[in-house]
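**Student:** A single structure is presented below for examination.
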Amino acid sequence: DTATFSTRPDGFIPVGTIQELDKKGSLLNSKIPALIIHNQKNSQDIFVVNPTCPHAGCVVKWKGNKEEFLCPCHGSQFTANGQLMKGPAHQGLKPYITKVEGNLILVKP
Ligand code: FES
């Protein structure tokens, strides 16, 4: 609902919950836009990236089995930390400043 996902006085926006992330493996919040993943296997580290591909603006997908982001449009690949692995994109994905409060994942746009 819109109340849950509005900007807070500290500038952070809630983008999802740990519970949902653990259930689905990755979480896309297309409103922000934000793609939330665990960026190391078997770790609780949370990484949130802007999934807009810097090549032509498609939304990248998280490939959990390969631990990389893949752009469905022209095949650009990015590491689990958003760095460029393979073009045609010329730069990596933009990470968000992220924090977790209880079950809630928040980012600062
Ligand atoms: Fe992502 Fe072209 S838009 S590779």
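**Student:** For the range 16-109, which fully contained strands (runs of 3 or more DSSP E) count at least 1 residues that are more than 16 Å from the ligand (Cβ to nearest atom) and either more than 20 Å from S6 (Cβ to Cβ) or touching a helix residue (DSSP H, G or I) at 6+ places or on another chain (Cβ under 6 Å) (or both)?
**Tutor:** In the range 16-109, 26-29, 34-38, 46-50 are the strands (runs of 3 or more DSSP E) which contain 1 or more residues that are more than 16 Å from the ligand (Cβ to nearest atom) and either more than 20 Å from S6 (Cβ to Cβ) or touching a helix residue (DSSP H, G or I) at 6+ places or on another chain (Cβ under 6 Å) (or both).
**Student:** Something else about it: Could you list, in sequence order, all residues of the range 46-63 that are surrounded by fewer than 16 Cβ atoms within 10 Å (Cβ to Cβ) and touching a strand residue (DSSP E or B) at 6+ places or on another chain (Cβ under 6 Å)?
**Tutor:** K61, K63
**Student:** Okay, next question. Within the group K86, K99, K63, which residue is in contact with a Leu (Cβ under 8 Å, 6 or more places away or on another chain) and without any contact (Cβ under 8 Å) to a residue 12 or more places away in the chain?
**Tutor:** Just a single option satisfies the conditions, and that option is K63.
**Student:** Counting only residues that are within 19 Å of N81 (Cα to Cα) and touching a residue at least 12 places away in the same chain (Cβ under 8 Å), which one in the range 17-29 is surrounded by the fewest Cβ atoms within 10 Å (Cβ to Cβ)?
**Tutor:** G25
**Student:** Next question, about the same structure. Within the range 30-54, how many residues are of a type in the set (S, T, N, Q), out of contact with any Cys (no Cβ under 9 Å at 6 or more places or on another chain) and modelled with pLDDT of 95 or more?
**Tutor:** 1
The values are calculated or read from the model by the stated rules, or taken from the named source; none is laboratory data. Bear in mind that the values here come from a model prediction, so they are computed numbers and not experimental data. When we count neighbours, we look across all protein chains shown, and the Cβ atoms used for this are built from the backbone with ideal geometry, even at glycine.
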